[in-house]
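A quick write-up on the structure given underneath.
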Amino acid sequence: PLVPPRVPTAMAEYRSLLEELAQNITAEDLEQLKSACREDIPSGEGDAIATGQHWFAFLERHSKLDRANLSYIEHIFEISRRPDLLTKVVQYRTQVLKISEEDEVDTKLTRIPSAKKYK
């Protein structure tokens, strides 16, 4: 029988996206990102976030991030002036999740109309 080609699962693609983003977050970037979302980080917990991976794990634990909900990090990348990271997230959302800008306008999933300017 023919074996279908191994298609990466949505979860694997999501993990791969986070890994790629984390590799592009320097210690300096991380401080800026943590600062941008400080109202969502309970006091004392920010110090424990030492890498991009820690930051994403923290956001997932606090329901700010999951495979189908990337608007929070899109917002943080935008206010942290990281259009390069924002673009990766937007590409993932449109190509992997198949959520286009038009769909988002209908569902109000996005709070970031300015993400369009990075296309």
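The values are calculated or read from the model by the stated rules, or taken from the named source; none is laboratory data. Note that the structure is a prediction, hence the values are computed from the model and not measured. In this analysis, Cβ positions are derived from the backbone assuming ideal geometry, glycine residues included, and neighbour counts consider all displayed protein chains. Please note that ligands, DNA and RNA were not included when accessible areas were found on the heavy atoms of the full protein model with its side chains. Shrake-Rupley method; radii C 1.70, N 1.55, O 1.52, S 1.80 Å.
Miscellaneous remarks
- Residues of segment 41-65 that turn out to be open to solvent by 40 Å² or more (accessible area, probe 1.4 Å) and at pLDDT below 90, as a count: 6
- Filtered residues of segment 8-40 (kept if in contact with a helix residue (DSSP H, G or I) (Cβ under 8 Å, 6 or more places away or on another chain), in contact (Cβ under 8 Å) with a residue 24 or more places away in the chain and open to solvent by 70 Å² or more (accessible area, probe 1.4 Å)): 19, 20, 23
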